[in-house]
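S.K.: Sharing a structure, written as structure tokens. Questions coming.
The values are calculated or read from the model by the stated rules, or taken from the named source; none is laboratory data. In this text, all values refer to a predicted model and were calculated from it rather than measured experimentally. Ideal geometry is used to build each Cβ from the backbone, glycine not excepted, and the neighbour counts take in all protein chains shown. With ligands, DNA and RNA removed, areas are computed over all heavy atoms of the protein, side chains included. Shrake-Rupley method; radii C 1.70, N 1.55, O 1.52, S 1.80 Å.
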Amino acid sequence: MRICLLVPSICGMRGDVRSMVNLAGELAERHEVEILSVRRHRERPFFPISPKVRLSWVIDERPGVRHLLPRGQVHTEVALWRRLRVLRADAVIATRPGLSVLVARHVPRDTVRVAREWGRPSPPGPITKFYPRLDAVVAATERGRQDWDHLLHGGAEVRLIPDALPAGPWPRSRMDNRIVAAGGRWVPVKAYDRLIRAFAVVADKRPDWRLRLYGGGPEERRLRGLVQDLNLHNHVYFMGTTSDLSGEFAKASIVAVTSRAETPQTPGMTVIEAMASGVPVIGFDSPSGPGEFVVEGRSGVLVAEGGAEIEAYAGALLALIDDERRRRELAAGALGAAAVHTAPVVAGQWERLLTSSSFRAAS
């Protein structure tokens, strides 16, 4: 089977990109797989990609590359429309609502057309109009599946398939380092300021523990200023970006997640990779947050949002820091919870979906 994964930019340091790269690598063991990136602005993708996966681009935005037409949204849409009209694939998986709408409109009907979603878009006008033309919408979480099913009112088939981890084996934490780790893009929705403020309480009571922050983004200057203001320069370390977040998590004994909500811009790959590394996760119990992946008391700890949430989060960190036996029990539970995200398991679900007889009959 020829499978095309359509992404905005394969060069991005994003959880949704990481998820699709992992899926592509596993599918490429048995199929012809292409990742079609709308834009290319770096020489190489951020995450390592299997050599069995073919990469291609619609718009090359690297410095020094000449363009026949002016850059802009219209130019991009026209170029993508032309590419989709002649796309040679048995199945196309689009990874952003705007791209899924274009796939629904322009990809030939004899191709299986699927939208991969991590959240519910707003406003839904083009979605409700064009998504019924797709063969399926695939959500990453049960809550997402319910939201999409409600939004589309049966206009398109909605399935649940979780995100895929990188191909194993994965590094595993020995749980003996006094390190709390966090990773992802430094953007407001990640709320790293909440984590830093909570860790100020931890550092005061357990000064031998350290917080390592992996990633980068527009919030870096503000976060560094907060660390300076709280006099945490000997306790909080900015580690920079890495394409091997699992390996870095394996050096920690706790992974902290303080996102206000897991949205299409912040899917749960951080939580999944932490659990696969055998590290318990502490997160806020928000409506669409780590609670979609973490089971309280089995694979991690969930803290209620609102009120004295910083103090509550710091208290949860301290309780886990002081209870090694509980940390190890949660770590074992995290490993078990990560099993549903292994690449072969997830790819198998996608294969069954893409070869569904109902799709073929409709074509």
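S.K.: Cα axis of helix 220-229 to longest principal axis of the chain: angle in degrees, 0 to 90, nearest 10?
M.R.: 10
S.K.: Compute the length gained on full extension between Thr242 and Glu142: take 0.36 nm times their separation in residues and subtract their Cα-Cα distance, giving the result in nm to one decimal.
M.R.: Length gained, Thr242 through Glu142: 33.1 nm.
S.K.: What is the Cα convex hull volume of the chain when expressed per residue in Å³?
M.R.: Taking only Cα atoms, the chain has a hull volume of 139 Å³ per residue.
S.K.: If only Cα atoms are counted, what is the Rg of region 267-343, and what is its Dmax, in Å?
M.R.: Taking only Cα atoms of region 267-343, I get Rg and Dmax of 12.1, 39 Å.
S.K.: Could you tell me how many degrees, from 0 to 90 and to the nearest 10, lie between the Cα long axis of helix 15-27 and the main elongation axis, the longest principal axis, of the Cα atoms of the chain?
M.R.: Result, in degrees: 60.
S.K.: Now for a different question. Counting only protein chains, not ligands or nucleic acids, how are His41, His235, His150 ordered by accessible area (probe 1.4 Å), most first?
M.R.: Largest accessible area first, the list is His150, His41, His235.
S.K.: Using 7 Å Cα-to-Cβ label points, what is the His233/Glu311 separation (nm, one decimal)?
M.R.: Between His233 and Glu311, the simple spin-label model gives 3.0 nm.
S.K.: I would also like to ask the following. Would you tell me the accessible area of Asp16, worked out with a 1.4 angstrom probe on the heavy atoms of the protein chains, in Å² to the nearest 10?
M.R.: Here the residue's solvent-accessible area equals roughly 10 Å².
S.K.: If exposed means no more than 13 neighbouring beta carbons inside 10 Å and the site is in a DSSP loop, what's the longest run of the chain without any exposed GluC sites (Glu not before Pro)?
M.R.: Between the exposed loop sites, the longest stretch runs 44-363.
S.K.: Please compute the per residue accessible area over the chain with all protein chains in place, 1.4 Å probe, rounded to a whole number of Å².
M.R.: Here the residues of the chain average 44 Å² of exposed surface.
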